[in-house]
Every structure is written in C-alpha cells, then in structure tokens.
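The values are calculated or read from the model by the stated rules, or taken from the named source; none is laboratory data. Because the structure is a prediction, the values reported are computed rather than measured. Quick reminder, even Gly has a Cβ in these numbers, built from the backbone with ideal geometry, and neighbours come from all protein chains shown. Just the protein is used for accessible areas: all its heavy atoms, side chains included, with ligands, DNA and RNA removed. Shrake-Rupley method; radii C 1.70, N 1.55, O 1.52, S 1.80 Å.
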Amino acid sequence: MTRPRLISLATAVPPYRYDQSVVREAAHRLFDREKADLVRLMPIFDNAGIDRRHSCMPLEWYLAPHGWVERSRLYGEHAVELLCEAASKCLILAGLEARYIDTVVAVSTTGVLTPSLDALIIERLGLRRDTRRLPIFGLGCAGGVTGLARAVDQARVLPGSHVLYLVVELCTLTFRHGDNSKSNVVASALFGDGAAAAIISTEGPGPAFGPAGEHTWAQSLDIMGWRVQEDGLGVLFSRDIPALVRAEVRPIADAFLGRHGASVSDLAGIVCHPGGAKVLDALEDAFDLPAGGLAIARDVLREYGNMSAATVLFGRERTLSQAKDAPYLMSALGPGFSVGLQMIEAA
C-alpha cells in the first residue's frame with residue numbers, strides 16, 4: 001500500500017501582534033501586584049525565549065473579566081476564521097478544489113463547540129456533504145502530533161482519499177482576569193494564538209509519513225491541563241515538567257525508534273513542540289544536542305510563543321525547504337501526561 005504523504009501544509013495567525021515587552025508592561029494591569037507576587041515573577045517574561053506573539057483580541061480585552069458565553073462565542077468566530085485561512089492556503093498549495101476533500105480531522109483544546117469545528121468548516125469551505133468528520137478534543141499541546149497521527153490513519157485506511165487535518169488553538173482567550181496564580185502569570189508570558197492545516201493522502205507528491213507512537217506516564221494527571229472554573233479554563237502547569245522531560249523522554253523515543261529499526265542517529269532532526277525555553281533546554285539535554293540545537297523550535301517560540309497544538313506544525317513547515325535524506329521525528333508533550341511521536345520524511 002502506498003504510504004500517506006504530506007501533500008501540503010499551511011499556517012495562519014490572528015491580526016493582533018504583541019511584543020513581549022508590551023505584554024510584560026501590561027502585567028502590572030493584568031494582575032494584582034501583591035497577590036500574584038508579581039515582582040518576583042517578572043523575570044518569567046524576560047526568560048521565556050519569546051519576542052512576540054499573536055492574539056485574536058486587542059490587549060484591552062484582557063483587562064476585564066469575561067465569562068464562558070463570551071469566550072465560547074469569540075472562540076467559534078476566530079477559530080473558524082483562522083482555520084479557513086489555513087485550509088484555503090493548503091488547498092491552493094495542493095492544487096485541489098474543496099470538493100476533493102473526503103475527511104476532516106479537527107484538533108483543538110482551547111474551546112468547546114457543538115456543532116464542532118469540522119462541521120463549521122464544511123459549511124464555510126463548501127466541502128462535500130458526505131465528508132467524514134473527526135473532531136478531537138483534550139490532547140492539548142500534544143494534539144499537533146497525536147492528532148496528526150490520527151489524520152494519517154484516516155488516509156491509510158482509505159487509500160486515494162484526501163484528509164484535511166486542522167488544528168487551531170486560541171490560548172490567549174483562556175486568560176482569566178483575576179486569577180493571580182503563578183500558572184496564570186506563566187501562561188500570560190508564554191501563550192499565543194495560531195492555526196495550521198495539512199492535506200494528507202496516499203496519492204500525490206510529498207514527504208511520506210512513517211510510524212507513530214505515544215506514551216502516557218502513570219500517575220501524571222496533575223502535571224498539565226485545564227481546571228474548569230466558573231469563568232473559563234484555569235491553566236495547570238507543574239514545575240516538574242523539565243526534569244521529567246530531561247530524565248524520561250529519551251528512553252521513550254529510543255524504544256519507539258528501536259521498534260521500527262531506527263535510532264536517533266538516523267534522524268535528520270527533531271521537530272518538537274516548543275512548550276517553553278526550559279522544556280527546550282531539557283529536550284536538548286535529553287537528545288545530547290548542544291545548547292540551541294533545537295534551532296527551529298526556538299525560532300518558532302521566539303516569533304509566535306506557545307500556540308499549544310498548532311506550534312509544532314509551524315516548525316514542520318520550516319523544515320520543508322531543507323533538503324535532507326533522513327527522516328524527522330516530530331514530538332509534542334501534552335496533558336495526560338503524554339508524548340506523541342511521528343516519523344516523517346524530510347521531503
């Protein structure tokens with residue numbers, strides 16, 4: 001059977017762009033200075049490895065409280081807009097009309113809609129009425145890789161079909177005014193908004209997908225995720241994430257690669273989700289890379305911040321122009337606590 005291939009890939013960001021220095025200055029209005037222990041936490045903005053980020057809302061929006069109804073409305077409007085932009089670019093790059101899409105896989109964790117995003121996209125893009133739909137919620141940052149693997153599965157079981165893979169995260173919409181927790185301060189220094197789309201098929205030119213894998217750690221449910229609050233989603237980060245990554249990700253990757261007759265030395269590189277500067281430091285240590293060795297991930301983090309599941313696709317987009325014979329290993333960490341892995345050819 002012909003292997004599924006990445007026929008095209010495109011990304012999109014919302015119109016508001018904020019320099020990190022502007023967000024840092026706004027922190028004095030976003031948080032209660034004493035309750036948030038803000039003076040002690042301000043270095044987070046300087047050490048995040050981020051120069052700028054994009055948001056679907058103007059800065060003034062974050063200076064007031066907002067509830068579930070408003071957040072959900074804004075999420076629906078802006079998520080669909082960004083996905084349509086990315087998907088339209090993707091169709092043009094692939095030289096395809098919308099009627100050739102057979103399956104839509106839509107990944108997102110920063111908002112909840114019913115009808116889901118895939119149904120809304122079918123309406124907006126004018127896809128066929130018999131298009132198969134697969135909405136995926138809850139994978140968090142790992143969704144960029146684990147969700148991609150699910151889309152590849154759809155192409156594999158239906159040879160010759162075209163799968164439109166969509167991922168959008170509006171992380172900044174989850175900011176909760178009045179939440180002075182350290183996790184919320186960290187989120188305000190890290191998160192940005194973005195979307196990506198890919199077309200996957202067994203027919204057509206493009207990098208071929210290899211094996212995919214996952215690992216979920218035991219007793220790790222409190223390491224990363226959201227806590228549902230009255231006015232939105234409260235972010236959950238554990239300070240133990242970098243240590244866990246440094247100690248345990250490499251053996252998991254080695255075991256995954258070994259099962260498929262490969263090793264880290266066989267790779268052209270690692271396209272990882274840049275959760276933050278400390279996580280990238282830990283990943284470089286884990287894979288015996290020099291400081292700054294994950295240059296693409298650091299560039300994406302610096303220019304866009306952490307866009308949750310969408311971020312790793314921004315990194316993959318940048319590798320498409322690199323002529324290398326060996327495959328890449330895509331990886332992303334997310335709630336569960338879990339890691340998603342996906343092999344893909346360089347070009």
(request) Report the accessible area of TRP226, computed with a 1.4 Å probe over the heavy atoms of all protein chains in place, in Å² rounded to the nearest 10. (result) 70 Å²
(request) Return the loop-located trypsin sites (Lys or Arg not before Pro) in the stretch 34-142 (DSSP other than H, G, I, E, B) with at most 16 other Cβ atoms within 10 Å of their own Cβ; answer none if there are none. (result) LYS35, ARG128, ARG129
(request) Between beta-carbons, use under 15 Å as the cut-off and find the net charge around THR216, counting Lys and Arg +1, Asp and Glu -1. (result) -3
(request) Kindly sort GLU317, GLU123 by accessible area of their heavy atoms, largest first, with the probe set to 1.4 Å. (result) GLU123, GLU317
(request) Mind checking the stretch 1-53 for chymotrypsin sites (Phe, Trp or Tyr not before Pro) that DSSP puts in a loop (not H, G, I, E or B) and that have at most 10 other Cβ atoms within 10 Å? (result) none
(request) Give a quick list of GluC sites (Glu not before Pro) in the stretch 209-267 that DSSP marks as loop, anything other than H, G, I, E or B, with at most 13 other Cβ atoms within 10 Å. (result) GLU230
(request) Identify which of the listed values of semi-axes √(5λ) of the Cα gyration tensor in Å was calculated from the structure shown: [x] 35, 29, 18; [y] 36, 20, 19; [z] 31, 25, 17. (result) [z]
(message) I'd like the antiparallel share, as a percent to the nearest 5, of DSSP beta bridges with both residues in the stretch 56-215.
(response) 45 percent
(request) Mind giving me the nanometre distance, one decimal, between the label points for ARG99 and LEU236, set 7 Å out from Cα along Cα→Cβ? (result) 4.8 nm
(request) Quick one: dipole size for the stretch 247-293, taken about the Cα centre, charges +1 on Lys/Arg Cβ and -1 on Asp/Glu Cβ, in debye to the nearest 20. (result) 140 debye
(message) Cut-off under 30 Å on the C-alpha distance; same-chain residues fewer than 8 positions from LYS35 excluded. Which lysines are left, in chain and number order?
(response) LYS182, LYS278
(message) If packing is taken as the average count of other Cβ atoms within 10 Å, what order do 233-246, 145-158 fall into, highest mean first?
(response) 145-158, 233-246
(request) Mind checking the full-extension length gain between ARG33 and ALA243? Use 0.36 nm per residue of separation minus the Cα-Cα distance, one decimal, nm. (result) 72.7 nm
(message) Shape verdict for the stretch 177-225, please, from the Cα gyration tensor: rounded (a/c under 1.5), prolate (a/b greater than b/c) or oblate.
(response) oblate
(request) Go ahead and run the numbers for FRET between ARG73 and SER220, Cβ-Cβ distance against an R0 of 41 Å, rounding to 0.05. (result) 0.75
(request) Note the full-extension length gain between ARG259 and ALA26 as 0.36 nm times their separation in residues minus their Cα-Cα distance, in nm to one decimal. (result) 79.0 nm
(message) Accessible area per residue for the chain in Å², computed with a 1.4 Å probe and the full protein assembly in place, what is it?
(response) 42 Å²
(request) Can you figure out the FRET efficiency of SER88 with ALA64, using R₀ = 30 Å and their beta-carbon distance, to the nearest 0.05? (result) 0.35
(request) Give me the percent of DSSP beta bridges within the chain that run antiparallel, rounded to the nearest 5. (result) 75 percent
(message) Nearest 500 deg cm²/dmol is fine: what mean residue ellipticity at 222 nm does the chain get from its DSSP H runs of n ≥ 4 alone, each adding -39,500 (n - 2.57), divided by its residue count?
(response) -11500 deg cm²/dmol
(request) Determine how large the accessible area of CYS90 is when every protein chain is in place; take a 1.4 Å probe and give Å² rounded to the nearest 10. (result) 0 Å²
